[in-house]
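So the structure is just underneath, and the comments pick up after that.
The values are calculated or read from the model by the stated rules, or taken from the named source; none is laboratory data. Given the structure is predicted, the values throughout are model-derived calculations rather than measurements. Heads up, the Cβs are rebuilt from the backbone with ideal geometry, glycines too, and the neighbour counts pull from every protein chain shown. Heavy atoms of the whole protein, side chains included, go into the accessibility calculation; ligands, DNA and RNA do not. Shrake-Rupley method; radii C 1.70, N 1.55, O 1.52, S 1.80 Å.
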Amino acid sequence: DAVGRRRLAAASGDRLRAVAALAVAQGRLASRDLAGAAVAVTEALALFGDAGLREGVASARLLASEVHLARGEVEAALAEATAAREVFADLQHRRGGALARQKVALLSLADRRLGIARAAALDALATARALGCRRDEALCLVVLVRTCAAEGSHEDALTLGAEAGRLLCDVEDRRGIAALLTELSRAHLALFAPEAAASAAQDAVSAWRDFHEDVGLAPALLCLARAHAANDAPQLALDAAEEAAEVFRRLGDVASEHAALLVGLRSHLAQGSYDCVVSMAAELQQRGEAAVSVAGSDDGKVDGLLLQAEALRFLAKALSAQRKVDEAGEVARRALQLFQDVGDKAGENAMVQLIISAELVNENSGPSKALEIAQGAVERFRSEGDKVNEAMALQTVAKTHLAKKEHHRAARVAKDAQQILGRLGDTVGEVAMLRTAVDAHLSRPDREGKEDALQAVVDALSAFRDADNLPGEAQGLLVLATVYVARGEPEAAVSVVQDAVPLFRELGDRRGELELLAAVINGKLIGEGKESSDEALRAVKVALALCDQSAYRQGQAAMLLTTFRILLARDKPERAMQAADEALKLFRELGDSRGEATMIHMTAKAHLEREEPKKAVAAAQRATALFKELGDRREERAALQTLMAALSSRAEYPLALEVGEEALALSRDLPDGGAAKAATL
């Protein structure tokens, strides 16, 4: 009848208005008009509710959760997503329910509710697979990747990431692939694989640039900056960090902007650009003070105080590197107070150590004052009943004794700390103290020092085995392997690695396995002057096999570089150059510019010794360019000196002098040893 038709028309109009309001909200969210998006989505919710359209209400609530998340309102976002999930469940709407559970998982992850995040993601994954929706399946796997990473299960994150990546490629979701690459970069970095982390982040950055989407580009750039910093490439890290900070600034993400600026500050410090550190630290202190003054919550205030503390930490390090010990000590004390104010014990201990380092070289106070400060920290933590930090402070005391060349005292104090943490069941801390004790013994000038270091590890291993402490045994073997390297026994070191790898695999500790391999199978395994020994050749062969079994390509590259050294020492230059070519190929595949530069510089020296000046010049020029790109001014200077020698051997004296002037300028700028190098040049 007419009344029914009018009602139907009204309902249809309400539905159209609701859908239009929802579309407006989506458009405003995409353009970052968050206030407008909030108004429009609220209108859509009301219209869908008035029309009795529950599916529309659930869809609007999902969009409302995205608006809340964009405004940093995680709890409100989670509440809306949970409400949407319940409506979809009542309606038995499987696809909508899966999307809502996926959203709940993401928001629970943002709110550090990892158990809820995992359960929701697994539930959504099962539904996506049942429905045959491969895109949703891939997105659920990405959520699980992030959950595993947040739980510290980085190897699982990479495994799930590989599966998610295949699905995203199948459905041609390039944005999903770019977001996944950023997550995988973080996982690689957590597993001590900075080259792989940089490669994944670079691919993500390239993809987000193609999309012209700052929201994805900014975190990818930050990952790239951190990967380059971990890979000792400060200039590349600085470039990425500065761009990341600028993009975060455009997005209005102040906390992430500050994180990027801190990576830049660290990069300036690594390059020795101390004036930049001073000015940048001052800017970050001001930002931190401003954040505290306008903070609307305790968390906001803590973030501001921590920013000031971190800026002061880097400033103190820069001053200490310039031998401005009084200023360094004063700045470190200010940072110490801030770390204490926010209850950051790790930062507090770091600043105590920095203050002590400054006192040790301070002519007006010296080692006695340094020891007094360290012992004061021990007493403070002891009076608070804080056994863990008491032990950490004891480690600082031990390091102070070590700096005073009181090796036996250092070892005894570290042993005390080791026993405290052992009684507390803190295996990680116990092993850290064992390493300090070992360092104390290895630093002794007498031959017995290395024997005592070996005995300290053997005793610790025996205790770990008696207690059936498998993590302790695995970590203890890692320390034992490094002791053998220090003793100049590479074959014994590699043999210990062979024993330790199965333990780390039994524990499912891929990170520990990689740490073990990185600690032993590197360029320091075979000491200078030991390349011609049969033991060196045997050790490198076993090390290469271990790297192959563990898929540790960084170690393979390092051992190929070492093989180059060994073959040159055995007067087999052609085979040495073949090893160098293989190493270079691996370094390039890994994106390891430092390894590539080092290998090329070594080949330049070899060509020079073999009276092949043309090849020497080409290699030295390439090495110089790579070190310059990395921001490593010391190695750049060394490569320039090789280039100068190669040019001189070709009687190209004007060019040699020009290169020499460039190397001389670098020598004068470098703070440590610059004068001596300048005089040599």
Exercise. Of 450, 605, which has the most accessible area and how do the rest follow, probe 1.4 Å?
Worked result: 605, 450
Exercise. At what distance in nm do the modelled label points of residue 625 and residue 585 sit from each other, each positioned 7 Å from its Cα along Cα→Cβ?
Worked result: 2.2 nm
Problem set entry | Radius, Kirkwood style, for region 530-635 when every pair of distinct Cα atoms is counted (Å) | 14.1 Å
For this session: Counting only C-alpha contacts under 8 Å and six or more residues apart, can you give the relative contact order of region 169-282 as a whole percent?
Result: 19 percent
Seminar exercise, completed: Note to self, the chain gives a 222 nm [θ] from helices alone (DSSP H runs n ≥ 4, -39500 (n - 2.57) apiece, / all residues, nearest 500) of -28500 deg cm²/dmol
Problem set entry | Qualifying trypsin sites (Lys or Arg not before Pro) for region 26-60 [loop in DSSP, other Cβ within 10 Å: at most 15] | 32
Problem set entry | residue 658 paired with residue 634, simple spin-label distance in nm, labels 7 Å along Cα-to-beta-carbon | 2.9 nm
For this session: Determine how large the accessible area of residue 258 is when every protein chain is in place; take a 1.4 Å probe and give Å² rounded to the nearest 10.
Result: 20 Å²
Seminar exercise, completed: Over the chain, the quotient of the Cα radius of gyration and 2.2 N^0.38 Å is 1.12
Exercise. With every protein chain kept in the model, how would you rank 511, 435 by accessible area, 1.4 Å probe, largest at the top?
Worked result: 511, 435
Exercise. In region 501-604, which GluC sites (Glu not before Pro) are in a loop and have at most 15 other Cβ atoms within 10 Å, using DSSP for the loop call?
Worked result: 528
For this session: Please identify the helices of the chain, taking whole runs of DSSP H, that span at least 18 Å along their own axis as judged from the Cα atoms and have a mean Kyte-Doolittle score of 0.5 or higher.
Result: 34-50, 74-91, 114-131, 134-151, 214-230, 254-271, 345-360, 427-442, 470-486, 553-569
Exercise. Relative contact order (percent) for the chain, with alpha-carbon contacts under 8 angstrom and 6 or more residues of separation?
Worked result: 5 percent
For this session: Compute the normalised compactness of region 67-171: alpha-carbon radius of gyration over 2.2 N^0.38 Å, N being the residue count.
Result: 1.04
Problem set entry | GluC sites (Glu not before Pro) lying in DSSP loop within region 369-405, provided at most 11 other Cβ fall within 10 Å | 384
